Amino acid sequence: MKIAFVGKGGSGKTTLSSLFVRHLVAAGAPVVAIDADINQHLGAALGLDEAEAAGLPAMGEHLPLIKEYLRGSNPRIASVEQMIKTTPPGEGSRLLRVREDNPVYDACARTVELDGGAVRLMVTGPFTDADLGVACYHSKTGAVELCLNHLVDSRDEYVVVDMTAGSDSFASGMFTRFDLTFLVAEPTRKGVSVYRQYKEYARDFGVTLKVVGNKVQGPDDLDYLREQVGDDLLVTVGQSDWVRAMEKGRPPRFGLLEDANRHALSTLHTAADAAYALRDWRRYTRQMVHFHLKNARSWGNERTGADLAAQVDPGFVLGEGVVAPA
């Protein structure tokens, strides 16, 4: 299952995505966690110290390797130079699976131990001095989008992505790559403004959206969120001494998380699993192609000097039964 956490800056989405990852790992599930936020805090939230988090390999720095591996023997892709972030898979493409070992994971993923379990962690990488003034942040997340386009995951295995803050997620088609999107909202006007933007943008793409109310301190806060987001409100989370200790770098055992917050994470888990029944691989592939053709027309064809519409394999549908070449 592909799960996204979104929300305005400071809403707590990174904290909640890290808690959800810990919950899944504690339940014995295989998990790939991806930090696609420019602030790159997910590693620290999963317990890495500052040096360890800074030393994580950036996916963007391995983009040529990622392209070469995913391209495989796809005859519609003449060269890796003609692959862009939205290039869809086709006959001959290599695909990624959650439980396997492959060169992409070898280069870009690191194993983080969590209370007896482990998660594969991947990060887009932070902006560098060389990027300032000349690069868009979404040039960094292109590697994430390309990997999600080639990822085949199934029931009871999870990819959890901590997305960039606010409505910036809509600058690419990556927001359609998920089975379920959890929008973390505080009980304030600013807190729900991103929800309204996300709801509006996502309406035409069948994006399944659930709101997680964070920093809820009493009935007034709960009533406000219910009034603003209605039935999209899935669960709320309050203050946590466990999280406070984690943010100081001294997290207790995960089993000591407060009962109310453990229940909230179980509710997220149940919602994620329920989304499996809504999977439509044909729609997923169709949306992938839609954004690829849009990017090809707007900048891709000019940048690569090729007609990138020719990369679309009209007979190919991504799905759990697809067998890719070794």
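The values are calculated or read from the model by the stated rules, or taken from the named source; none is laboratory data. The shown structure was predicted, so the numbers you read here are calculated from the model rather than taken from an experiment. Please note: Cβ atoms are built from the backbone with ideal geometry, for glycine as well, and neighbour counts cover all protein chains shown. Areas reflect the complete protein model, heavy atoms only, side chains present, ligands, DNA and RNA absent. Shrake-Rupley method; radii C 1.70, N 1.55, O 1.52, S 1.80 Å.
Screening segment 196-214 for residues that are surrounded by fewer than 23 Cβ atoms within 10 Å (Cβ to Cβ) and aromatic (F, W, Y) and picking the one that is modelled with the highest pLDDT gives F205.
Tallying residues that are more than 19 Å from the chain's Cα centre (by Cα), modelled with pLDDT of 95 or more and hydrophobic (A, V, I, L, M, F, W, C) within segment 258-276 yields 1. Close Cβ contacts (under 8 Å, 6 or more residues apart or on different chains) running from residues in segment 50-74 that are among the hydrophobic types (A, V, I, L, M, F, W, C) to residues that are open to solvent by 30 Å² or more (accessible area, probe 1.4 Å) and at pLDDT 95 or above comprise L56/R110; L65/P103; L70/R94. Restricted to segment 307-322, and to residues there that are under 24 Å from the mean Cα position of the chain (by Cα) and open to solvent by 60 Å² or more (accessible area, probe 1.4 Å), the residue that is modelled with the highest pLDDT is E320. Candidates in segment 53-76 are the residues that are farther than 18 Å from A324 by Cβ and in contact with a strand residue (DSSP E or B) (Cβ under 9 Å, 6 or more places away or on another chain); of these, the one that is surrounded by the fewest Cβ atoms within 10 Å (Cβ to Cβ) is G55.
Considering segment 1-76, the qualifying helices (runs of 4 or more DSSP H), each wholly inside and each with 2 or more residues that are under 18 Å from P251 (Cβ atoms), run over 13-26, 42-45, 50-54. Residues in segment 77-93 that are open to solvent by less than 60 Å² (accessible area, probe 1.4 Å) and in a loop (DSSP other than H, G, I, E, B): I77, S79, M83, I84, K85, T86, T87, P88, P89, G90, G92, S93. Pairs are defined by a Cβ separation below 7 Å, a sequence spacing of at least 6 or placement on different chains, a first member in segment 289-311 that is in a loop (DSSP other than H, G, I, E, B), and a second member that is of a type outside the set (A, V, I, L, M, F, W, C); the pairs so defined are A306/Q82; D307/N301. Among the conditions (1) surrounded by fewer than 23 Cβ atoms within 10 Å (Cβ to Cβ); (2) within 12 Å of H150 (Cβ to Cβ), E100 misses just one, which is (2). Select from segment 57-90 the residues that are over 19 Å from L293 (Cβ atoms) and of a type in the set (S, T, Y) and write down the one among them that is nearest to the chain's Cα centre (by Cα). Restricting to residues being over 19 Å from L293 (Cβ atoms) and of a type in the set (S, T, Y), the top hit is Y69.
Of these, L225, L180, which one is open to solvent by less than 20 Å² (accessible area, probe 1.4 Å) and touching a Pro at 6+ places or on another chain (Cβ under 6 Å)? Step through it out loud before you land on a result.
Details: L180 fails: touching a Pro at 6+ places or on another chain (Cβ under 6 Å).
Step by step, each of L225, L180 is checked, and only L225 is open to solvent by less than 20 Å² (accessible area, probe 1.4 Å) and touching a Pro at 6+ places or on another chain (Cβ under 6 Å).
Annotation note: Cβ proximity below 8 Å between a residue of segment 2-23 that is more than 19 Å from D115 (Cβ to Cβ) and a residue that is hydroxyl-bearing (S, T, Y) and open to solvent by 10 Å² or more (accessible area, probe 1.4 Å) (sequence gap 6+ or interchain) occurs for F5/T14; K8/S193. Tell me yes or no: at least one residue of segment 272-280 is more than 24 Å from L146 (Cα to Cα), open to solvent by less than 70 Å² (accessible area, probe 1.4 Å) and in contact with a His (Cβ under 9 Å, 6 or more places away or on another chain). So far as segment 272-280 goes, no, none of its residues is more than 24 Å from L146 (Cα to Cα), open to solvent by less than 70 Å² (accessible area, probe 1.4 Å) and in contact with a His (Cβ under 9 Å, 6 or more places away or on another chain). With respect to the stated conditions, V104 fails to be within 18 Å of the chain's Cα centre (by Cα) and outside any helix (DSSP H, G or I).
Only residues that are among the polar types (S, T, N, Q) and more than 23 Å from G213 (Cβ to Cβ): list them for segment 10-40, please. Scanning segment 10-40 gives a single hit, Q40. The set of residues from segment 31-47 being at pLDDT 90 or above and either in contact with a Phe, Trp or Tyr (Cβ under 7 Å, 6 or more places away or on another chain) or open to solvent by less than 30 Å² (accessible area, probe 1.4 Å) (or both) comprises V31, V32, A33, I34, D35, A36, L42, G43, A45, L46.
Taking segment 172-258 and the helices (runs of 4 or more DSSP H) fully enclosed by it, the elements with 1 or more residues that are under 17 Å from S18 (Cβ atoms) and without any contact (Cβ under 8 Å) to a residue 24 or more places away in the chain are at 241-247.
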